[in-house]
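Heads up: the structure comes next, in structure tokens.
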Amino acid sequence: MESISVPNGSWFVALPDSDATTVVVDRLRSYVSFTHAHASGRPWIIGSGPDAGPASLVHAAHGGTRLLVRGVHSVTERDLLLWARRIRHLSDVDRLTESLAGSAHVLASIDGQVRAQGTVSGVRKVFHTTVGGVPVAADRADLLASLTGAALDPVRLTARLLAITPAALIEPLWSGVEAVPPDSWLHLDANGTPHTRRWWRPPPQELDRTEGAPALARALADAVAARVRTGATVGSDLSGGLDSTPMSFLASRATHAAGGKLVTVRIGVADPTHDDHVWAERAQRLMDGGHVTHTVFRPGELPDMFAQVAQPITGLDEPTRWIRPVARLRETARRLGAAGAVAHLTGHGGDEVLPVKPNYLHDLMRRRPALARQHLAGMRALRRWSVSSTVQALAERKPYGPWLVGQADDLGTAFPSGNRPLFGWEYPLRLPPWVKREAVAELADRIRERAGAAEPHAPSRSAHTTIDLARQLGAAVRLAETVTADEGAVLQAPYLDDRVIEACLAVRPEERSSPWSYKPLMVEAMRDTMPAESLERATKGEFSDDFFKGQKRHRGQLAELFDQPLLADLGLIDAGTLRHMALAAYPPGLPWSALDATMAAENWLRAQSRPSTSVGGDNRVDHSG
């Protein structure tokens, strides 16, 4: 039998109700630790990994209906059994999905018809392909690629070299392996081709912040509580900002109610202009309770940025854009795990979903021009936009598809200057100068091919951008969960939960952002949860000092990573240009995220030569149900 590579840790495969799935089951049998069956008795879900702790699996069956929820959630077997008794059709699962707090895969088998879906942010993803003529789904793309012997798609890999890769181009890197859109579910039947069906659309942006704040407060509280088990210890970021501080107050409340403990963490910064510590220490004083302890990592106590970037990160099915801090993520997980924490709640995601990006002004000018002019005056003063560049940005009105075509045309040009308003549907799509012209042209052609049928995530540019940024970050958090799972406390991002995203999107963009206030929606939402003095902050920590010190100390890691790069072997980059710009003369105006993307892709390629699990590994016990 042809060998396959099976990832260590957690994974699952969903199968149609067909005898033809035997070939897939037989090839994976040695690696399976749990099995759930269709009503027919044929295998439906097979997988591996823990079913308890911060990520749990709940299963229920009634008649011809089977339901399974796996991830971070508060659903009990009794809850799911009640749902199983009510659900008659695959579309009925919408109501279950819309009721969930947390971040989980939802799978259903109803009279042999299969539904599989992840989350709106993509922290939970579903992939699919065809194995021996049978449609198969999984939560890992590399597993499906191994089952089919799929080849790497160099154009999809080139898309990962964009300074900012939009969610639509964060695709599985193997030909023939596809991702289910985060707003859709996959339908598998025994005889046909898999189909995706959209179940989620963003809510209308109709509420002011006082109307929308209570829903955000409830959604975030539920998201945090879903990650707190009875008697468990949980870690939480407490930087002092308006993302991590509210989350820590909610985590303090949730762990106290559950009879558990909270350990907050903050990374000390040597930069004397940094004021995170002032606000974090204030929050610590106000967060009373014997169940809370606070940890501050002194400057230099955790690994630097860029530490270990040349060491292949195994176990990932795509490059991680969080490669710069990967050593720090691991060490924080170890430290929190040593303190007994099973989860590490991060404030990442707050910047993506709480405020809106400046392109809300493009939408606002058409809805409420008088108010838009006031906001524009404030933003121009803050960001030093010229009148001409602002007028030019407002005048551009291309729908999403034609806008993408324009980005494809400019893919290999210079990045826009930092003092120009960016009012497009997404951040400008640009490849760094070390990407070869041929690779630029092939990606541009791929984007143009898709532009004709491309639809935005939402009708307005600001909502589209919020969703896209949440999905970009969701991809990073998904991989960070894998990186931290074996180290101790698993990283979790409550701000990327479906209900939290919906609560933010329901509020009008001009109520979520303002030139004159900082994250006003969060301030309004937390008035009854946090002391007023912790809601007064109007600044945000800046970490360039940390970045440049790490880059200087670990130039050897960069040199090692870019010595004979595999990306050059694939014909995607010019190795000499990359090494020169990464180590000697990084071009002014080129964002550092472009280097992050290339580091991530090169590291991932190197890791692919190290299989996750060799054939003939230890057998695991099957559990039928």
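Give the range 56-86 a look and list any residue that's under 16 Å from H36 (Cβ atoms) and of a type in the set (A, V, I, L, M), or say none. Quick ask: steps written out before the conclusion?
At the first step, the residues of the range 56-86 found to be under 16 Å from H36 (Cβ atoms) are 56-71, 75, 77, 80-81, 83-84.
Hits for the range 56-86 are L57, V58, A60, A61, L67, L68, V69, V75, L80, L81, A84.
Just checking, does the range 520-533 include any residue being in contact with a strand residue (DSSP E or B) (Cβ under 7 Å, 6 or more places away or on another chain) and closer than 19 Å to P181 by Cβ?
At the first step, the residues of the range 520-533 found to be in contact with a strand residue (DSSP E or B) (Cβ under 7 Å, 6 or more places away or on another chain) are 520-521.
Filter once more, keeping what is closer than 19 Å to P181 by Cβ: none.
No: zero hits.
Pull up the range 179-194, narrow it to residues that are touching a strand residue (DSSP E or B) at 6+ places or on another chain (Cβ under 9 Å) and modelled with pLDDT under 95, then point me to the one that is nearest to T529 (Cα to Cα). I'd like the intermediate steps shown before the answer.
Kept after step one, since they are touching a strand residue (DSSP E or B) at 6+ places or on another chain (Cβ under 9 Å), are these residues of the range 179-194: 179-190, 192-194.
Next, from what is left, pick out any that are modelled with pLDDT under 95: 189-190, 192-194.
Numbers: D189: 47, A190: 50, G192: 51, T193: 49, P194: 46 Å.
So, considering only residues that are touching a strand residue (DSSP E or B) at 6+ places or on another chain (Cβ under 9 Å) and modelled with pLDDT under 95, the one nearest to T529 (Cα to Cα) is P194.
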Checklist entry - So which pairs qualify, if the first residue must be in the range 383-407 and closer than 20 Å to P515 by Cβ and assigned by TED's automatic domain parsing to the domain that holds F423, the second must be part of a helix (DSSP H, G or I) and among the basic types (K, R), the Cβ gap must be under 7 Å, and the two must be at least 6 apart or on different chains? => result T390/R380
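Hey, can you tell me all the residues within the range 120-155 that are charged (D, E, K, R) and without any contact (Cβ under 8 Å) to a residue 40 or more places away in the chain?
Answer for the range 120-155, where residues must be charged (D, E, K, R) and without any contact (Cβ under 8 Å) to a residue 40 or more places away in the chain: just D153.
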Next on the checklist: Just to be sure before I move on: is A232 in contact with a Ser or Thr (Cβ under 7 Å, 6 or more places away or on another chain), surrounded by fewer than 24 Cβ atoms within 10 Å (Cβ to Cβ) and assigned by TED's automatic domain parsing to the domain that holds A341 in the structure I sent?
Outcome noted: no
Checklist outcome for this item: Among (1) assigned by TED's automatic domain parsing to the domain that holds M305; (2) over 24 Å from A101 (Cα atoms); (3) crowded, with 19+ Cβ neighbours inside 10 Å, A225 falls short only on (2)
Next on the checklist: Can you report the number of residues in the range 191-204 which are within 20 Å of D92 (Cα to Cα) and touching a residue at least 12 places away in the same chain (Cβ under 8 Å)?
Outcome noted: 9
Item to check | Residue list for the range 332-387, filter: closer than 26 Å to L496 by Cβ and aromatic (F, W, Y) | outcome: Y360
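If the requirement is being within 25 Å of L364 (Cβ to Cβ), at pLDDT 95 or above and surrounded by fewer than 23 Cβ atoms within 10 Å (Cβ to Cβ), which of these qualifies: R218, R209? Steps first, please.
Working: R218 fails: within 25 Å of L364 (Cβ to Cβ).
Selected residue: R209, the only one of R218, R209 that is within 25 Å of L364 (Cβ to Cβ), at pLDDT 95 or above and surrounded by fewer than 23 Cβ atoms within 10 Å (Cβ to Cβ).
Please pick out the residue among R95, R85, R70 that is in a strand (DSSP E or B) and among the basic types (K, R). Before the answer, list the steps.
Details: R95 fails: in a strand (DSSP E or B); R85 fails: in a strand (DSSP E or B).
That would be R70, the only listed residue that is in a strand (DSSP E or B) and among the basic types (K, R).
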Next on the checklist: Which condition from (1) over 20 Å from D208 (Cβ atoms); (2) loosely packed, with under 12 Cβ neighbours inside 10 Å; (3) modelled with pLDDT of 95 or more is the one that A370 breaks?
Outcome noted: (1)
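Looking only at residues that are of a type in the set (S, T, Y) and touching a Pro at 6+ places or on another chain (Cβ under 8 Å) in the range 451-479, which one is surrounded by the fewest Cβ atoms within 10 Å (Cβ to Cβ)?
Within the range 451-479, the first condition is being of a type in the set (S, T, Y), and the residues that meet it are 460, 462, 465-466.
Narrowing further to those that are touching a Pro at 6+ places or on another chain (Cβ under 8 Å): 460, 462.
On the way: S460: 23, S462: 26.
Out of the qualifying residues, it is S460.
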Checklist entry - Quick one: which of A458, A475 is modelled with pLDDT of 95 or more, in a helix (DSSP H, G or I) and at negative phi? => result A475
Item to check | Top-ranked residue of the range 386-417 - restricted to ones that are at pLDDT 95 or above and among the aromatic types (F, W, Y), ranked as farthest from L161 (Cα to Cα) | outcome: Y400
Item to check | Cβ pairs under 6 Å, 6+ apart, first in the range 168-182 and in contact (Cβ under 8 Å) with a residue 12 or more places away in the chain, second among the basic types (K, R) and surrounded by fewer than 21 Cβ atoms within 10 Å (Cβ to Cβ) | outcome: E171/R156; L173/R156
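The values are calculated or read from the model by the stated rules, or taken from the named source; none is laboratory data. Just so we're clear, the structure is a prediction, and the values are computed from it rather than from any experiment. Don't worry about glycine lacking a Cβ; one is built from the backbone with ideal geometry, like all the others, and counts go over all protein chains shown.
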